[in-house]
Amino acid sequence: MSHQIKGVGKLDTAYDGSNLKIGIVHARWNSTVIDALIKGAVEKLKAFGVKESNIVVSSVPGSYELPFGTKVLAESKEGPFDALISIGVLIKGETMHFEYISESVSHSLMKLQFDINKPVIFGLLTCLTEEQALARAGVVEGSHNHGEDWGAAAVEMAIKHNA
Ligand SMILES: O=c1[nH]c(NC[C@H](O)[C@H](O)[C@H](O)CO)c([N+](=O)[O-])c(=O)[nH]1
């Protein structure tokens, strides 16, 4: 029997998201994958009881703009938010652009949480091929939509931060 090791593990569905307000900031590059990831995240948020009216979705041109776009939403009149989810899809091209954006965005999103004192969920897919991206958005038959994990993480971290 193969042991499933990788993965987010058991989700604690006891978390009640009914009083949470969640912001989602997504890049518009690679929109087929982005749209599937957003759908997965929103459906999971709602499964934890987050009201649709308390889910605010905003977009930025590309993944490089995610850190600043997330900060702008977090500090906007749309808030205050209990957690934010930053969603982007980077697909490696011929140049080093991918590496530089991946590195800078991941570090910036990590730092942003502490700057704004709010959980910022890392929803950046860094893929070497389009197939890898599709397979992580649940678009490929039988594949898992990582957007769901990000929705669950946003609820858990928001509740733990508010405790
Ligand atoms: O979100 C992405 N942005 C990409 N580039 C745009 C970048 O994020 C900025 O929007 C742009 O450089 C302007 O600042 C990508 N590629 O270049 O391949 C990509 O794959 N995904």
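No lab work stands behind these numbers, since they all come straight from the coordinates. Just so we're clear, the structure is a prediction, and the values are computed from it rather than from any experiment. Cβ coordinates were reconstructed from backbone atoms using ideal geometry, including for glycine residues, and neighbour counts include every protein chain displayed.
Here are the numbers:
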item	result
Residues satisfying the stated conditions in segment 86-105, i.e. crowded, with 18+ Cβ neighbours inside 10 Å and more than 10 Å from the ligand (Cβ to nearest atom)	Ser86
Pair list, Cβ under 7 Å, 6 or more apart: segment 30-51 residue closer than 14 Å to Gly138 by Cα, other residue polar (S, T, N, Q) and surrounded by fewer than 23 Cβ atoms within 10 Å (Cβ to Cβ)	Ala36/Asn145; Leu37/Asn145; Gly40/Asn145
Residue in segment 118-131 that is in a helix (DSSP H, G or I) and either more than 17 Å from the chain's Cα centre (by Cα) or within 16 Å of the ligand (Cβ to nearest atom) (or both) present	yes
Residue in segment 70-77 that is touching a residue at least 12 places away in the same chain (Cβ under 8 Å), within 16 Å of the ligand (Cβ to nearest atom) and either buried (at least 22 other Cβ atoms within 10 Å of the Cβ) or more than 17 Å from Leu112 (Cβ to Cβ) (or both) present	yes
Number of the condition not met by Val56 [criteria: (1) more than 13 Å from the ligand (Cβ to nearest atom); (2) in contact (Cβ under 8 Å) with a residue 40 or more places away in the chain; (3) of a type outside the set (Ser, Thr, Tyr)]	(2)
Hey, Phe81 touching a residue at least 40 places away in the same chain (Cβ under 8 Å), under 19 Å from Ala158 (Cβ atoms), touching a Lys or Arg at 6+ places or on another chain (Cβ under 6 Å) and more than 16 Å from the ligand (Cβ to nearest atom) or not	yes
